Every structure is written in structure tokens, then in C-alpha cells.
Amino acid sequence: MPSISGIAYKNLRRKRIRSILTVFGIALSTWVLVSLFGFNRGYEASLNSDIDNLGFQVLLTAKGCPYEAATLMLQGSKSLRYMPEAVMDSLYQNEAVDKLTPMLMQTVFDVNKGEEGGMVGYLGIDPATYPSMKPYLTFSSGEWFKDREAKEAVLGYEVAELEQREVGDLMLIPEKEVEVLVVGILKRSGTQDDGTIFMPYKALQTIFDVQGQLTSVGIKVKQGADINAYEEELYSIHDVQVVSMAQVKNTISNLVSTAKVMVMSIAIIAILIAMVGVMNTILMSVLERYQEIGIMKSMGATTFHIFRLIWFETIILCAIGGVIGSLFSIVMARLTEALIRYVLPYAPSGSLIMIDFRLVLESIGIITLIGLLSGIYPAFRAARIKPIEAIRSSEGEL
Amino acid sequence: MKARFLLLLILLLPLFIHAATGCDLNDPDADVKRLFPQSTGYKTTYMSLTKTGGAEALKRVERTLGDKFSGTYETIDVPYSIYIVHKGKDIIGYVHGVNQKGQYGGLQVFLALDNNGVIKDFYFQKLSSKDAKLFKDKKFTAQFKGLSLADFSTYDLATGKGNTKMNSIKNPSKDPKGDFAAIMRAVKKNLALMQEFVYKH
């Protein structure tokens, strides 16, 4: 006795091209669904990872219009606004502080880079305090500079590769014509540190003639300390701006939530399109088999048998389409990510599309559920066919 | 909130803003047109020594160069971009660049070559040197026009001597430790690689 699923499968094979096209449509919807869900997870996770990799929970910067600062930075000015190094003294006095690290960012214009020149940036750090804030930074060769005044540099992985530098080589700071000794090359970290030239901040102050000045201070608070209360205290310091990573994360979470809503809307539209397509295909199939269904009922098939038969056909189409679409989204994930990076003005480091086994299973489940829902109406109509009318009539009616 | 977010973007931008690793032209549309003014288009192809023979290919190139490839950055899998320059349907030449370790940083030396491997033009895309102005001057780069691998094959990288044409190339820098030797190596390496990737066939 043939099974209902076997008959359903054979029916689909009879109209091969139509079945393939329907499966293809479902696969495309699944691809969109999985990619969008994967992007939702990947973007937020990568952004949080980038923020966490900054190493500190609070960042103090010089007060000023951040838009002006961004414009100056991006168009090649020397630095952000400065704040006095003496501000560190008041920060140390607070009991909530676990670690502090001063930073000085400087940029120069290198006229010999490319046809029109380009920017080179240097991050001045304190070798005594900065490395402990970023324990994930490890060396492929050499080590951190020890002397805060030494004209020495540690290079991120990508910088070293571009400049073809090894430990013991020299670098030249353009405009200043100052030679700097490379003492360390970092391993690839997958963060913005790969593109950074680190130097002792005191040496950078001397070279750029900004003695006693900093552009930012990284602060790590003690475990259990009230970060919000501490930030309130920091606001009382003159001429500084407080950037709290916790608040930035919240801001980003809110933005990402908004983006998630948009992404979900697109996903729902994709699902609705798939539903309509499946319903249309199965209804057409029922119409074509009007007489055949009538004959089946006259031979003993019950209303429930017919319902199950048509419903099964829908589920098979959706399940196969779901699996193919999920596989497609995994295979195309890198290309999808490259496209997103090309389009977005800023994308965090790390993977933007995170597709795991659970996401794939959930998506196939959703698509199959859509199949179940889409198939109800065509199955219901097929089940209601009256055998005598169907056998008499040469074509179906709805 | 907007201010904090913007500051975060600044912090997360890489400080050292640079092109991709490997030696690609930063602006191939403009650069190819400048090097081949009569060109109507170009096609980019990517080659590496692993594609043309692996360890054997590396040995051939090192023999031609007269020097070993550095293990750290001159590895066998480095991708090389070759810009095939067209005028209409005809190929009129090639543009190819190499990275070379210089005194203070990486040099990126691009050569514009005709179909016979003769240098038509010379372009420093990157050069970290105290004498960069002297090296980028047309008086210096023009000395390379008309030379080919046949000329550079007579040039000994260790002694800095070669045939008459090679010996006539003047070093504009007074610094004996400067980048002149690195530039000569870069040009010879460029020609040796092009011989391996293009002209051998």
C-alpha cells in the first residue's frame, strides 16, 4: 500500500519544473532569512567585541566638539584637542579606579605615500600601564618598549607587513624626520591595533612638541565599583569629556534594536512572499488534479487522506527549499559579508554574519512552519472536492 | 549620546590607514592612465609563485634576481597584481609593482613595461626616505626608461656594479646606507617576477 508521503513526492516529481522553481523561490527566501538573522547576531557581537577590546570601561578625552575632532582627524589634522597630563593626578585619588593609562594620538601627513600623500598615525602609550589593559596583544617578535622617552616603536601586524619591518629596523616619522627603532611586532589581533604604530607617549610629546599633553586617558574601575557614580564624579572635572563604554554599548544596543526591527520587517516580507508563492503553486496543482482527486475519493480516500496528501506536498517543498537556502546562505556568507562591508560606512572587525547550527535549524523550522500554514487552504479546498462533480467535470473550480 | 558614539567611531578607526597588503595600485584607473596615456582600459590579474611552479619557480626568480627572497615578507604565496594594459583590443603593456624593504619602511615600486619587457615608466607608490624627493625626481626615474631584464641581469646587487648602462644610473642620495640599493633590488625583482609570470610564456 503506497504511503501518503510517497504519493505526495511522486506528485511533485510529475511537475518537475514547477516544483524546482517553487523550491528555488523558497530557498531564496530562506537565504534572505538566514543571512539577515546571521547579520543581526554578527554585527552586534562584533561591535561589542571591538568595544570590549578597547580594554577600558571609561575613556576620558579632551573636551571639544567631537564633530570638529572627527573632521580634523579624518582630514589630516595633527590631533584631537589636548588635555593636561596633570588630570591623571586627580583620577588616581579616586578609590573606584583600578587602572589608568594615558594616551596621546598624533598624526602626520606623509607626502610620499601614493600620488597625493596620506596620513600616518602614532599612538603614544605608557608601557607600564597600557599592556595590562590589553592582555590579548601578544608579540610575534620583540617586546614593549621600556623607556617612556625612548624613540622606539611597536608595530601592529598589518603595519609591519606593509612597511616590511622587523625588530631592529628603523622607521622615519615624516615631517619630523625623526628615526624610530622598531622593538616589537605584534601578532594579528583582528582589531584596530593591527594597523597601529605604538610609541612611548613621552617620546611622542617631545617629537611633536606637546609636552605635558594627552588626548585621552583609559580608565578601568575596580570590580564591584559603581561605574555610574564614578562617571558622575568625572563630569565635574573641567575641560574633559567622559565616554563610558557601558553607555556606548547601550546606545549601540538601542541602535541595533532599531536596525533589528527593520531587518525583521524585511525577513517577514520575504516569508510572506514565500507563503504566497507556495500557496499559489499548490492551488494550481489541486486545480489540475481535480478529476484525479475525485477518483481517489470515490475509491475510498477520505477527506482527511486528501488533506494530508496536499499538506505533505507543501511541507516537502518547504523543507527542501529551507535546507537548500540554508546551505546557500552558509556558502555565500563571506560574499554577503564583503558586500555589507562595501556598503556600510563603518563595520566592526570580526565576522559580520554569524550562522551557527542552531540558526540554521530555527530557519528551516520557520520555513517548514510557513509551509504548514500555506498548505492549509489548498489542502482544505482539495479535501472538500465532491467526487461525482469532480469526475464529471474536466477542470477544477475553486 | 551622539557625541559619545562619534568619539567611539574615531577610536575604532585604524590609526594607520593604508592599502591592502600585497602591491596593488591605490587608484588603478588614474595610475594606469598616467603611466600609459594612450591606453583605453586595463585588466587586473593576480599571480603568485605557487601558481607558476612553487619552490622551483622561487628558485628561478632568485637565480634571476641574484639574491634570496626574505623569509618574512617575500614568501612564496605573496599575491602579485599585474595590470594588463589595452588600447582597444591590443595589449600595449603591463604595470606591475613590488614591495621592497627600505631603510625606513616599505617601498612600493611600480614599473610600466612594454610587450618586450622594456621599462617605459617608473612610479614610486610608497617611499619612506629622507631623500624621497631626490628619488622621486624625474631626473632619477628617467634613468630607468629603456632598460630591461637583460640590462639588470648584469647588475650585481651585492657590489652595485653592472654593464655600462647600469653603471650610468646615478644615486642622487649622499647617504651610503640610503635606499638606492633597495630601489635597484626592487626594480630587478620586479623584472624577474614579470619574466616568470608573463614574458617567459
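The values are calculated or read from the model by the stated rules, or taken from the named source; none is laboratory data. Only a predicted model underlies this, so the values are computations on that prediction, with no experimental measurement involved. Every residue, glycine as well, gets a Cβ built from its backbone with ideal geometry; the counts of neighbours run over all protein chains shown.
Please state which one of A:VAL159, A:VAL87 is of a type in the set (Val, Ile, Thr) and over 31 Å from the mean Cα position of the chain (by Cα).
Details: A:VAL159 fails: over 31 Å from the mean Cα position of the chain (by Cα).
Just one listed residue meets the conditions, A:VAL87.
Taking strands (runs of 3 or more DSSP E) that fall entirely within region B:55-126, which contain at least 1 residues that are surrounded by fewer than 20 Cβ atoms within 10 Å (Cβ to Cβ) and of a type in the set (A, V, I, L, M, F, W, C)? Let's see the steps before the verdict.
Working: elements: B:80-87, B:90-101, B:106-113, B:119-126.
Ranges flagged: B:80-87, B:90-101.
Residue-wise test of (1) within 30 Å of A:GLU158 (Cα to Cα); (2) in contact with a Ser or Thr (Cβ under 7 Å, 6 or more places away or on another chain); (3) free of Cβ contacts under 8 Å to residues at least 60 places away in the same chain; (4) among the aromatic types (Phe, Trp, Tyr).
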| site | (1), (2), (3), (4) |
| --- | --- |
| A:SER216 | yes, yes, no, no |
| A:GLY224 | no, no, yes, no |
| A:GLU232 | no, no, yes, no |
| A:ASN254 | no, no, yes, no |
| A:ALA270 | no, yes, no, no |
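Scan region A:171-187 for residues that are at positive phi and touching a residue at least 24 places away in the same chain (Cβ under 8 Å) and report the count.
Of region A:171-187, the ones at positive phi are A:175, A:177.
Those left that are additionally touching a residue at least 24 places away in the same chain (Cβ under 8 Å): A:175.
Number satisfying all stated conditions: 1.
Please work out which residue is farthest from A:PRO127 (Cα to Cα), limiting yourself to region A:165-204 and to residues that are basic (Lys, Arg) and within 12 Å of another protein chain (Cβ to nearest Cβ). Spell out the reasoning first.
So in region A:165-204, the residues basic (Lys, Arg) come out as A:165, A:176, A:187-188, A:202.
This time we only want the ones that are within 12 Å of another protein chain (Cβ to nearest Cβ), so: A:165, A:176, A:188.
Values: A:ARG165: 21, A:LYS176: 23, A:ARG188: 19 Å.
Out of the qualifying residues, it is A:LYS176.
Any residue at all in region A:249-256 that is polar (S, T, N, Q) and more than 14 Å from every other protein chain (Cβ to nearest Cβ)? Spell out the reasoning first.
So the first thing to find is which residues in region A:249-256 are polar (S, T, N, Q), and the list is A:250-251, A:253-254.
Okay, now just the ones that are also more than 14 Å from every other protein chain (Cβ to nearest Cβ), so none.
No, region A:249-256 contains no residue that is polar (S, T, N, Q) and more than 14 Å from every other protein chain (Cβ to nearest Cβ).
Could you please find all residues in region A:119-159 being among the acidic types (Asp, Glu) and within 14 Å of chain B (Cβ to nearest Cβ)? Step through it out loud before you land on a result.
Initial filter on region A:119-159 (among the acidic types (Asp, Glu)): A:126, A:143, A:147, A:149, A:152, A:158.
Selection gives A:GLU158 alone.
Please state which one of A:LEU309, A:LEU327, A:LEU287 is on the phi < 0 side of the Ramachandran plot, out of contact with any strand residue (DSSP E or B) (no Cβ under 7 Å at 6 or more places or on another chain) and buried (at least 19 other Cβ atoms within 10 Å of the Cβ). Full working, then the answer.
Values: A:LEU327 fails: buried (at least 19 other Cβ atoms within 10 Å of the Cβ); A:LEU287 fails: buried (at least 19 other Cβ atoms within 10 Å of the Cβ).
Going through A:LEU309, A:LEU327, A:LEU287 in turn, just one is on the phi < 0 side of the Ramachandran plot, out of contact with any strand residue (DSSP E or B) (no Cβ under 7 Å at 6 or more places or on another chain) and buried (at least 19 other Cβ atoms within 10 Å of the Cβ): A:LEU309.
Looking at B:GLU74, B:GLU56, which one is under 27 Å from A:VAL159 (Cα atoms) and either within 8 Å of chain A (Cβ to nearest Cβ) or at pLDDT 70 or above (or both)?
Numbers: B:GLU56 fails: under 27 Å from A:VAL159 (Cα atoms).
On inspection, the qualifying residue turns out to be B:GLU74.
Restricting to region B:137-190, name every residue that is assigned to a helix (DSSP H, G or I) and closer than 23 Å to A:LEU170 by Cβ. Before you say what the answer is, go through the steps one by one.
Within region B:137-190, the subset assigned to a helix (DSSP H, G or I) is B:138-144, B:149-152, B:164-167, B:180-190.
Answer for region B:137-190, where residues must be assigned to a helix (DSSP H, G or I) and closer than 23 Å to A:LEU170 by Cβ: B:PHE140, B:PHE180, B:ALA181, B:ALA182, B:ILE183, B:MET184, B:ARG185, B:ALA186, B:VAL187, B:LYS189.
Conditions tested, residue by residue: (1) over 27 Å from B:PRO37 (Cα atoms); (2) of a type in the set (Phe, Trp, Tyr).
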residue	(1), (2)
B:LEU111	no, no
B:LYS130	yes, no
B:PHE135	no, yes
B:PHE144	no, yes
B:THR159	yes, no
B:GLY162	yes, no
B:PRO172	yes, no
B:ALA181	yes, no
B:GLU196	no, no
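Here's a check for you: in region A:214-248, which residue that is among the hydrophobic types (A, V, I, L, M, F, W, C) and in a loop (DSSP other than H, G, I, E, B) is farthest from the other protein chains (Cβ to nearest Cβ)?
First, the residues of region A:214-248 that are among the hydrophobic types (A, V, I, L, M, F, W, C): A:214, A:217, A:219, A:221, A:225, A:227, A:229, A:234, A:237, A:240, A:242-243, A:245-246, A:248.
Add one more test, that the residue is in a loop (DSSP other than H, G, I, E, B), and what stays is A:225, A:237.
Working: A:ALA225: 20, A:ILE237: 16 Å.
Out of the qualifying residues, it is A:ALA225.
Look at region A:94-118 and say how many of its residues are within 11 Å of chain B (Cβ to nearest Cβ), polar (S, T, N, Q) and closer than 17 Å to A:MET199 by Cα. Show your work before the answer.
Kept after step one, since they are within 11 Å of chain B (Cβ to nearest Cβ), are these residues of region A:94-118: A:103, A:105-107, A:110-118.
This time we only want the ones that are polar (S, T, N, Q), so: A:106-107, A:112.
Within this subset, residues satisfying the condition of being closer than 17 Å to A:MET199 by Cα are A:106-107.
Total meeting the criteria: 2.
Do you know which of the residues in region A:101-138 that are among the aliphatic types (A, V, I, L, M) and farther than 18 Å from A:GLU152 by Cβ is surrounded by the fewest Cβ atoms within 10 Å (Cβ to Cβ)? Give the steps one after another, and end with the answer.
The first filter runs over region A:101-138 and keeps only residues among the aliphatic types (A, V, I, L, M), leaving A:103-105, A:108, A:111, A:119-120, A:123, A:125, A:128, A:133, A:137.
Then keep just the ones that are farther than 18 Å from A:GLU152 by Cβ; that gives A:111, A:119, A:133.
Working: A:VAL111: 15, A:MET119: 19, A:MET133: 19.
This residue is A:VAL111.
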